Amino acid sequence: MNGMRSFKVPIGLSIYTVKFRKRITVKGIECEGFCDAENKVLWIERRPTELDVMFVNFWHEYAHALFFELGHPEFAHNEAFIESVGQNLARAARSLPIGIAPARRRGAVLARHSARH
Ligand SMILES: [Zn+2]
């Protein structure tokens, strides 16, 4: 989420584009993130002062996409389940001691600016 420019992330056999927006509305309802599995886009609300919220939002939307891509839409549509998976992924991602140089940098930028559905 460095600079909040869009970036690519592999999910299942697909490559998703993560995009940021000041305001995201789905069917007239404002939300902090949105998984557009059809177009392979994860939308994340831009929250420069709450970067940890954005980080958790990213993993929440990632979890939606993951279960669509793995062929389990019943899980992808279970909001409580997805929220739990997203929280767990975010916790694990924060804890990784290896291979996280870019993530650390991202984390630093996130923390400096200070970051769900
Ligand atoms: Zn959700």
| query | Which of the lysines could a cross-linker bridge to Lys27, judged by Cα under 20 Å and excluding same-chain residues fewer than eight apart? | reply | Lys19, Lys40
| field | Net lengthening on full extension, Ser84/Lys22 (0.36 nm per residue, minus Cα-Cα) | value | 19.8 nm
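Taking a ≥ b ≥ c as the square roots of the Cα gyration tensor eigenvalues, with a/c under 1.5 meaning rounded and otherwise prolate when a/b beats b/c, else oblate, which class fits region 1-66? Each step should come with its number before you reach the end.
Details: a/c = 1.75, a/b = 1.23, b/c = 1.42.
Here region 1-66 falls in the oblate category.
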| query | Peptides 18-27, 60-69: what's the order by average Cβ count within 10 Å, highest mean first? | reply | 60-69, 18-27
| remark: Distance in nm between His72 and Ile98 label points, each 7 Å along Cα→Cβ, equals 2.6
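Since every read-out is calculated from the coordinates, none of them should be taken as a lab result. Small disclaimer: the values here were computed from a predicted structure and weren't measured. For neighbour counting, all protein chains shown are included, and Cβ atoms are generated from backbone atoms with ideal geometry for every residue, glycine included.
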